[in-house]
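The next block holds one structure in the form of structure tokens; read it before the comments.
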Amino acid sequence: MPEGVVIRTVPVPDASVRPGDDVTIYVSLGETGTVPNLFGVQDVDLAKQLIEAAGLTLGSVVEVDDQSGSVPPGAVLSQNPAAGTVMKKGSLVDITIRRKQ
């Protein structure tokens, strides 16, 4: 569906509404991709490939110290937006990775 096209309304078309009632309009984002789950992916290049396979773009890559050891050094600790988020194709996905010692 092209970007900007109304795809749904609440209430539905032809429903009776009174002045002042709320009407919600849903507009198409155009082509979309779903953010993959990147937690624990052990290589930035692999994370980038997964993001690009979804039609999205790798944004910032930030390294942080992680004393919890929840993932190996160099692996993805977090991402923004969250896995499963539907976004317009080409949108940025930022990741935080555990600093390599």
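The values are calculated or read from the model by the stated rules, or taken from the named source; none is laboratory data. From a predicted model like this one, the values you see are computed outputs, not experimental measurements. Cβ coordinates were reconstructed from backbone atoms using ideal geometry, including for glycine residues, and neighbour counts include every protein chain displayed. Each accessible area value is taken on the protein alone, full model and side chains, heavy atoms only, with ligands, DNA and RNA left out. Shrake-Rupley method; radii C 1.70, N 1.55, O 1.52, S 1.80 Å.
Structure summary
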read-out	value
Residues of the chain: accessible area per residue with a 1.4 Å probe, Å²	65 Å²
Solvent-accessible surface (1.4 angstrom probe) belonging to residue 45, in square angstrom, nearest 10	100 Å²
Set of aspartates and glutamates with alpha-carbon distance to residue 100 below 14 Å, sequence-local pairs under 8 removed	43, 63, 65, 66
Solvent-accessible area, 1.4 Å probe, carbon plus sulfur percent, for the chain	52 percent
Which labelled figure in (1) 3, 12, 21, 23, 19, 13, 6, 2, 1, 0; (2) 2, 13, 19, 14, 12, 9, 8, 7, 6, 5, 3, 1, 0; (3) 2, 12, 20, 20, 17, 10, 6, 5, 4, 2, 1, 0 is P(r) over Cα pairs in 5 Å bins from 0, in percent, once derived from the coordinates	(2)
FRET efficiency estimate (nearest 0.05) - Cβ-Cβ, residue 99 to residue 5, R0 41 angstrom	0.35
For the stretch 8-72, with +1 on Lys and Arg beta carbons and -1 on Asp and Glu, the positive-most of 19, 68, 58 along the dipole	19
Label-to-label distance, nm, for residues given as residue 60 and residue 37 (7 Å Cα→Cβ offset)	2.6 nm
Cα-based helix-to-principal-axis angle, 44-53 vs the chain, degrees rounded to 10	20 degrees
Ordering of 74-87, 18-31 by burial proxy (mean other Cβ atoms within 10 Å per residue, highest first)	74-87, 18-31
Size of electric dipole in the chain: Cβ of Lys, Arg +1 and of Asp, Glu -1, about Cα centre, debye, nearest 20	80 debye
